[in-house]
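The values are calculated or read from the model by the stated rules, or taken from the named source; none is laboratory data. In this text the structure is predicted, and so the values were computed from the model without any measurement. Quick reminder, even Gly has a Cβ in these numbers, built from the backbone with ideal geometry, and neighbours come from all protein chains shown. These area figures cover heavy atoms from the full protein model, side chains too; ligands, DNA and RNA do not enter into them. Shrake-Rupley method; radii C 1.70, N 1.55, O 1.52, S 1.80 Å.
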Amino acid sequence: MADDYYKEALKLAQKEYHHCVAHGMSPCLPVLDDFLPSEKSTMGIELGLVQIPAEFIVGTKTRGRVNAFAPNFMPMLEEGTEFSDKWKRLCEAHLTEGIRDPIKVYEYMNRYYVEEGNKRVSVLKYFDALTIAANVTRIMPEKSDAEDVELYYEFVAFNKVSGINFLEFSKKGSFAEMQKALGKEPNEEWDEDEQKEFSAIYYYFRKAYNQNGGEKLASTVGDAMLTYIKVYGYEELKNTDISDIKKNLNRMWEEVKLQDDEEPIEIKTDPSEEKKPSMFSWILPLAIPIPQQVLKVAFLYDGTPERSGWTNEHEEGRLHINDVFGEKIETSAYSNAMDNPSEVMAKAIENGNKVIFATSPRLVQASLRAAVEHPDVVIMNCSLNKSHRYIRSYYTRMYEVKFILGAIAGSLSETGKLGYVGDYPIYGQIAGINAFALGAQMVNRRAKVQLEWAGVKGAHEAAQALYERGVHIISSHDTAPFRKDKRSNYGLSYIYKGENEMLAIPVWKWGVYYEELLKRIFDRTVKEEYKNSSKALNYYWGMSAGVVDIEYSNSLPVPTRKLADLLKEGIIHDIISPFVTPFTTQDGRIIGEDVKALNLEQIISMDYLVDNVEGTIPRYEELTPMGKATVDTAGIEKSQDNASEEAEE
């Protein structure tokens, strides 16, 4: 029997050899010593005896046996050799009592190179072993800003707390996302039962994923599994069999394929000028025509209009579209949706709503699952930089207003000491801080912006901390407090002896936004955008679309108001950009070389502060519970607890 197995293994080796030669690839196993200095091996970290993924064993430590195996580790030497006899004896041992002796390997960049036990690897790979016992020495690469190195350090940190070594991702931040998706704190260690349970779930998920065609994608099983968990949750995945996982993957396959895209997001900067003639045809994207039927539109709020300024502004937007569209639409509002988001979303759909606006980034997971399971419903989530195929996100370029507020503040300050109260370190927020600082610096080269965070101290406490340091001109909340509260700061104000004098305020025009979005649904623009793109669609509109604006206090000096109006007109007509390079970050990096504006992707993904900001981006553990919940769904990468910094070298 061992003779037959060797013959079959030899055929597999020859097939692999000829395939590699035909495609211009090396027909031999890679050798670690060929591309890594041998002295690095002596500085390795001993991991002890570990079960390692057989598929990640890719080469040998030295050149000693490199010609004896094809790249798939199948044997290349003909029968009758001493090598073939040993291979057959190992084969018989495996079939009768199992191969017990561990191999010895070096791990580099999550790939394993065999020093002792090449034939054992060959036999076990032939029989499709999932894991192989090995004594492992880990060799850490030099730290650099190369994406693969940064991703590897994230893996090492995850491996340290989880003990999982078979999970791979193609995008930075995914290991931390998986840890959170499983309900764990960043550095919380897994127990043995959790490791075994996750391993079992991973391998039956992988089977369902590959049966669906996942092996053809460039993204990893880990990418797909994390995407699946974002839709259905880990607890549900644990209780789902392979056939149902396949069905669910079929429903959300475009979401899975999106992970293959290096640039998965397409940003829509302004509403379309052209409107198709069939404006009220009532044909919804991904839906059948519903002639002569009132369109039902639901708004999901994470709070109530009576207690939240943010929710109240969206509620005013809902009332606006009622006035605009009259009997053609019927709207409804669902407050406190975060109490049970999936249940509230299901209720809104059950009540016949064909368009749903989820007005908080914390509602994104419930939005995504509902969109996957109800493709006839248009679901939009108020958030930024979301790479989800089945829902659209929408947000405003508030940084344009912040740039003008910064210029106003800088022109009015004699000392150059300004204050800024940020909410949470989420996408869009960092751009607002930097735009404010650059606007101030543009008119006042001495301008320094001291930064505090409402998501750490509370809004009033943050503003008070600034005031106690002698800062009187402060930019705070973008939305007005619904309840009259003298402690609440709003917009740009001058604070002195406990009194707030309003200077200028940002204005969110959600009514205009919702009106334009509904028009795009009515005239089938949304449907056409979906058909013509394979990416996630993010609407990111600004002053040119009329969805944000600025209002001035009567006390604002006329020359300052003229300056602000000039900047506003320049931004609307794309003559002025808040982010014209070059400028310098806090750590001395120069952003850009030529005089040109940053693109929207660069603005959205900002994870640094410019050099005239005094303060830092808070770490995850510093945030309030509400701040953590918001960052979990919309936070920039730097706001997460980067456990990879603690990985052992």
With axes computed from alpha carbons, what is the tilt in degrees of helix 399-412 against the longest principal axis of the chain, rounded to the nearest 10 within 0 to 90? 50 degrees
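Which loop GluC sites (Glu not before Pro) in the stretch 550-631, with loop taken from DSSP, have no more than 12 other Cβ atoms within 10 angstrom of their Cβ?
Here the sparse-neighbourhood loop sites are Glu593.
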Rank His374, His18, His388 by accessible area, highest first, at a 1.4 Å probe radius? His18, His374, His388
With angles folded into 0 to 90 degrees, how steeply does helix 341-350 sit against the dominant principal axis of the chain? Use alpha carbons for both and round to 10. 70 degrees
The chain: calculated mean residue ellipticity at 222 nm from DSSP helix runs of at least 4, using -39500 (n - 2.57): -12000 deg cm²/dmol
FRET efficiency estimate (nearest 0.05) - Cβ-Cβ, Asp339 to Glu235, R0 25 angstrom: 0.85
Which one, Ser605, Asn381, Thr96, is farthest towards the positive end of the dipole of the chain when Lys and Arg carry +1 and Asp and Glu -1 on their Cβ? Asn381
Residue separation times 0.36 nm, minus the C-alpha to C-alpha distance between Arg446 and Tyr496: what's the value? 15.9 nm
Are there any GluC sites (Glu not before Pro) in the stretch 126-189 that are in a DSSP loop and have at most 16 other Cβ atoms within 10 Å? List them by number. Glu142, Glu188, Glu189
Note, ³J(HN,Hα) from phi for the stretch 249-260, Karplus 6.51, -1.76, 1.60, rounded to Hz, x at Gly and Pro: 5, 4, 5, 10, 4, 5, 5, 5, 4, 4, 5, 6
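Take the solvent-accessible surface of the protein heavy atoms, probe 1.4 Å, and return the percent of it on the stretch 1-135 that carbon and sulfur atoms account for.
Values: 3470 of 7070 Å².
C and S atoms contribute 49 percent here.
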Can you give the angle from 0 to 90° between the axis of helix 221-232 and the longest principal axis of the chain, with both taken from C-alpha atoms, to the nearest 10? 40 degrees
Amide H contacts under 5 Å for Gly419, placed H, 5+ residues apart: Gln450, Ile473, Ile474, Ser475
Once you place label points 7 Å from the Cα toward the Cβ at Lys196 and Lys172, how far apart are they in nm? 3.8 nm
Let me know the charge dipole size of the stretch 175-231 about its Cα centre in debye, to the nearest 20, where only the beta-carbon of Lys, Arg (+1) and Asp, Glu (-1) is charged. 480 debye
Among Ala146, Ile164, Leu466, which residue has its Cα furthest toward the positive end of the charge dipole of the chain, with +1 on Lys/Arg Cβ and -1 on Asp/Glu Cβ? Leu466
Which one of Ser174, Pro30, Ser360 has its Cα pushed farthest toward the positive end of the charge dipole of the chain, where Lys and Arg give +1 and Asp and Glu give -1 at the Cβ? Ser360
Can you work out the Karplus-derived ³J(HN,Hα) for every residue in the stretch 44-60? Use 6.51 cos²θ - 1.76 cosθ + 1.60 with θ = phi - 60°, whole Hz, and x for glycine or proline. x, 9, 7, 9, x, 7, 9, 7, 10, x, 4, 5, 8, 7, 10, x, 10
Any idea of Val324's accessible area? Nearest 10 Å², probe 1.4 Å. 60 Å²
Distance in nm between Val21 and Asn67 label points, each 7 Å along Cα→Cβ, equals 1.4 nm
In whole Å, what is the distance between the alpha-carbon centres of the stretch 138-189 and the stretch 593-624? 24 Å
Give, in nm to one decimal, the length gained when the segment between Thr304 and Leu47 is fully stretched (0.36 nm per residue of separation minus the Cα-Cα distance). 87.2 nm
Could you please put Arg251, Arg307, Arg138, Arg561 in sequence from largest to smallest accessible area, using a 1.4 Å probe? Arg307, Arg251, Arg561, Arg138
Could you sort Ser243, Ser122 by their accessible area in this structure, using a 1.4 Å probe and putting the largest first? Ser243, Ser122
Count charges around Ala22 for me, please; just the other residues with Cβ under 12 Å from its Cβ, Lys/Arg as +1, Asp/Glu as -1. 0
Counting other Cβ atoms within 10 Å, which GluC sites (Glu not before Pro) in the stretch 29-107 have at most 14 and lie in a DSSP loop? Glu78, Glu79, Glu97
Karplus-derived HN-Hα couplings along the stretch 446-453 (A = 6.51, B = -1.76, C = 1.60, θ = phi - 60°), whole Hz, x at Gly and Pro: 8, 4, 10, 10, 8, 10, 10, 10
Cross-link pairs Lys11/Lys86; Lys11/Lys119; Lys247/Lys531 - those with Cα-Cα distance over 20 Å: Lys247/Lys531
Other residues with Cβ under 14 Å from the Cβ of Ser555 give, with Lys and Arg +1 and Asp and Glu -1, a net charge of -2
Taking amide H positions as placed 1.01 Å from N in the peptide plane, with prolines and chain starts having none, which residues 5 or more places from Ile265, or on another chain, fall under 5 Å of its amide H? Ala536
Please give the Cα centre distance for the stretch 331-388 versus the stretch 552-588, rounded to the nearest Å. 36 Å
The set of residues whose placed amide H lies less than 5 Å from the amide H of Tyr394, leaving out same-chain residues fewer than 5 positions away, is Asn381, Cys382, Ser383, Tyr539
Around Thr581 (Cβ within 14 Å, Cβ-to-Cβ, excluding Thr581; K/R +1, D/E -1) the net charge comes to -1
Using unit Cβ charges (K, R positive; D, E negative) and no other charged atoms, how large, in debye to the nearest 20, is the dipole of the chain about its Cα centre? 1240 debye
Surface accessible to a 1.4 Å probe, per residue, for the residues of the stretch 334-377, Å²: 39 Å²
Counting only heavy atoms of protein chains, what accessible area per residue, in Å², does the stretch 504-557 have with a probe of 1.4 Å? 30 Å²
